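Participant: Take a look at the following structure, please.
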Amino acid sequence: MRIATWNVNSLKVRLPRVEAWLDEVRPDVLCMQETKLADDAFPHLTFGALGYEVAHHGQGQWNGVAVLSRVGLEGVIAGFADGAPPDPEARIVTARCGGVLVTSVYVPNGRAVGHDHYHYKLAWLGRLRTHLEATADPADDVVVAGDFNIAPDDRDVYDPAAFAGTTHVTPAEREALAAVEAWGLVDAFRARWSEGGLFSWWDYRAGDFHQGRGMRIDLLLASASVAERVTWAVIDRNARKGQQPSDHAPVVVDLA
DNA sequence: ATGGTCGTTGCACGA
């Protein structure tokens, strides 16, 4: 089973790239983020023709997450199932695919340390932990994948000094991510590869991609029973090249 | 040299 996650940064613009990538890589499940589409604008026919069922949780011009599956898709949950008032932003969707409970997440960016959006980000990660407690069992096959907007440690940024005091690397963000993982999830890519310099996002500006100035902020978190099935993990840098790329590359994990 | 580019919408802002 091949599971992937990709922040596509506008599915409207990226659809040709996403179609070509699905045709080439053929993941069984793809978590997408930043579709930037309303639910009624989602191109279901395009993905249906490629063999995928889709759960999309969109809101219009911003955010928007999806789970695509060609191994079955059921039990869709749009938004948090934590009993609290709905999140006004479309950032999480859950579905069961081929025996794995899959959640696609687009964690808030945070904008600046101390900003309202930064506190929203930390609270959002707390709600994600509660959502897992309400919807899943850590003894089951569970995957939480998406754009976490957090570099888990200093290996995951090109220059730790350049990020001092900025979002994505603060202890509070890293601890909030660790609290989600403490529910019972392993960073599948990091479990497979220990070296730094392996990034999933590069700013469009200043040739950052070609200069190697990136961060690893797109993660596939797996419960123990899924993590022990991992046979391969890769970040597909090729998808960041060429015409009209997303600023994120897909993360792909193969399971036995 | 302290910028740079995208995608949204609409002539600014978020990432």
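What follows draws every value from the coordinates through simple rules; no lab data is involved. All figures in this text were calculated on a predicted structure; none of them were measured in a lab. Neighbour counts are summed over all protein chains in view; Cβ atoms, including those assigned to glycine, are modelled from backbone coordinates with ideal geometry.
Participant: How long are the three semi-axes of the equivalent ellipsoid of region A:64-137, in whole Å, if each is the root of 5 times an eigenvalue of the C-alpha gyration tensor, listed from largest down?
Facilitator: Working through the eigenvalues yields semi-axes of 25, 13, 10 Å.
Participant: Also, I was wondering about something else. Report the equivalent ellipsoid semi-axes for region A:60-183 in whole Å, largest first, defined as the square roots of five times the eigenvalues of the gyration tensor built from alpha carbon atoms.
Facilitator: Value: 26, 16, 14 Å, ordered largest first.
Participant: Moving on to the next point. Taking every pair of alpha-carbon atoms in chain A, give the share separated by more than 23 Å as a whole percent.
Facilitator: Distances greater than 23 Å cover 46 percent of the Cα pairs.
Participant: Over what distance in Å are the Cα centres of region A:194-254 and region A:85-127 separated?
Facilitator: After rounding, the separation between the Cα centres reads 19 Å.
Participant: For a label point 7 angstrom out from the Cα of A:GLN61 toward its Cβ, which stretches of region A:79-113 have the backbone nitrogen within less than 20 Å?
Facilitator: A:88-91, A:108-111
Participant: Which lysines have a Cα lying under 21 Å from the Cα of A:LYS121, excluding residues fewer than 8 positions away in the same chain?
Facilitator: Output for A:LYS121: A:LYS36.
Participant: Then there is this: Between beta-carbons, use under 12 Å as the cut-off and find the net charge around A:ALA224, counting Lys and Arg +1, Asp and Glu -1.
Facilitator: Taking every other residue near A:ALA224 into account, the sum is -4.
Participant: Output the peptides A:22-35, A:81-94 sorted from most to least packed, where packing is the average of other Cβ atoms within 10 Å over each peptide's residues.
Facilitator: Averaged packing, sorted descending, gives the order A:22-35, A:81-94.
Participant: While we're on this one: Can you give the helix-only mean residue ellipticity at 222 nm for chain A, where every DSSP H stretch with n ≥ 4 adds -39500 (n - 2.57) and the sum goes over all residues, rounded to the nearest 500 deg cm²/dmol?
Facilitator: It comes out at -7500 deg cm²/dmol, rounded to the nearest 500.
Participant: Considering Cα pairs under 8 angstrom that are at least six residues apart, work out the relative contact order of chain A and quote it in whole percent.
Facilitator: Answer for chain A is 19 percent.
Participant: Here's another thing I want to ask about it. Obtain the radius of gyration and the Kirkwood radius of region A:183-256 from its C-alpha atoms and give Rg over Rh.
Facilitator: 1.03
Participant: Same structure again: With only Lys, Arg, Asp and Glu charged, each at its Cβ (+1 for the first two, -1 for the last two), find how big the charge dipole of chain A is about the Cα centre; round to the nearest 20 debye.
Facilitator: 560
Participant: Using only the alpha carbons of region A:1-113, what is the convex hull's orientation-averaged projected area in square nanometres?
Facilitator: Reported value for the Cα convex hull: 7.6 nm².
Participant: Now for a different question. In region A:76-132, with Lys and Arg counted as +1 and Asp and Glu as -1 at Cβ, which of these residues, A:PRO85, A:LEU101, A:THR130, has the Cα nearest the positive end of the dipole, that is, farthest along it?
Facilitator: A:LEU101
Participant: Take the alpha-carbon positions of region A:133-195, form their convex hull, and give its projected area averaged over all directions (one quarter of the hull surface) in nm².
Facilitator: Mean orientational projected area (region A:133-195, Cα hull): 5.0 nm².
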